[in-house]
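Have a look at the structure below before the remarks.
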Amino acid sequence: MDTTILSSTFFLTLLMTIGLLFFIRASVKDRTEELQWVTEQPEEAILPELQGYFDRRAYRVKAVDGERNQVTFEGYVRPSWFLAIFLTLLAAVGMLCLGLILSMVIPQGGNVFLGLILLSPVAGWFYWQKSGRMEQVSLQVKSLESSGDNSTQNRITVTGHRDELAVLKQTLGPRYSQG
């Protein structure tokens, strides 16, 4: 086989392997975001509703700051079996490709390089060890001054993991407007 083709294929496979490693590492990255909603519901109705929501999601109250009108919830986020298996399969395919290319580039090694596929469970193990962790969600309610009419509006600010905020946003539905 032509050495130019082999060297360019090896280079591309090496880039793919580096990308795979960054993808696996990014699977456990912290993705904290902040969302704000505005509602005309009174604060006395908002807080119990959100407290019940987080209780159902297995979060517990960690801290209450009455001065800033803020509540911090904490809960354990379990790792996903699907993602652990998916990352292991991706790593297996990536290591198989790298092993095939290495066995072609360095023919003296024989098929020893195909043993790289045995490293693929490390990807699932890495994800499983790093993704199961305690997450915090911070909730703050502020009263907004309204001009003219007698209705009071409250601004709800929630800071937490983006997946948790997406579920909260879907659950709250049309009662709250994003602001």
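The values are calculated or read from the model by the stated rules, or taken from the named source; none is laboratory data. This structure is a prediction, so every number in the text was calculated from the model and none was measured. Heads up, the Cβs are rebuilt from the backbone with ideal geometry, glycines too, and the neighbour counts pull from every protein chain shown. Areas reflect the complete protein model, heavy atoms only, side chains present, ligands, DNA and RNA absent. Shrake-Rupley method; radii C 1.70, N 1.55, O 1.52, S 1.80 Å.
Whenever a residue of region 50-79 is under 18 Å from Arg155 (Cβ atoms), its partners that are in a strand (DSSP E or B) and among the basic types (Lys, Arg), lying with C-beta atoms within less than 6 angstrom and at least six residues away or across chains, give the pairs Thr72/Lys62.
Across region 77-89, not a single residue is classified as touching a Leu at 6+ places or on another chain (Cβ under 8 Å), polar (S, T, N, Q) and under 30 Å from Leu139 (Cα atoms). What are the residues in region 5-20 that are in contact (Cβ under 8 Å) with a residue 24 or more places away in the chain and either exposed (fewer than 12 other Cβ atoms within 10 Å of the Cβ) or more than 23 Å from Gly124 (Cβ to Cβ) (or both), if any? Within region 5-20, Leu6, Ser7, Thr9, Phe10 qualify.
Scan region 21-35 residue by residue and report those that are open to solvent by less than 80 Å² (accessible area, probe 1.4 Å) and either without any contact (Cβ under 8 Å) to a residue 12 or more places away in the chain or charged (D, E, K, R) (or both). Selection gives Ala26, Arg31.
Put simply, of Leu96, Leu87, Leu165, Leu116 the only residue that is among the aliphatic types (A, V, I, L, M), in contact with a Phe, Trp or Tyr (Cβ under 7 Å, 6 or more places away or on another chain), modelled with pLDDT of 85 or more and within 29 Å of Lys29 (Cβ to Cβ) is Leu87.
Filter region 131-151 for residues that are surrounded by fewer than 14 Cβ atoms within 10 Å (Cβ to Cβ) and either touching a helix residue (DSSP H, G or I) at 6+ places or on another chain (Cβ under 9 Å) or of a type in the set (Gly, Ala, Ser) (or both); which is modelled with the highest pLDDT? Once the filter is applied, the top-ranked residue is Gly132. In region 58-78, the qualifying residues are those that are hydrophobic (A, V, I, L, M, F, W, C) and within 27 Å of Ser131 (Cβ to Cβ), and the one that is modelled with the lowest pLDDT is Val77.
Across region 36-57, the qualifying residues are those that are of a type in the set (S, T, N, Q) and over 22 Å from Gln136 (Cβ atoms), and the one among them that is most open to solvent (accessible area, probe 1.4 Å) is Gln41.
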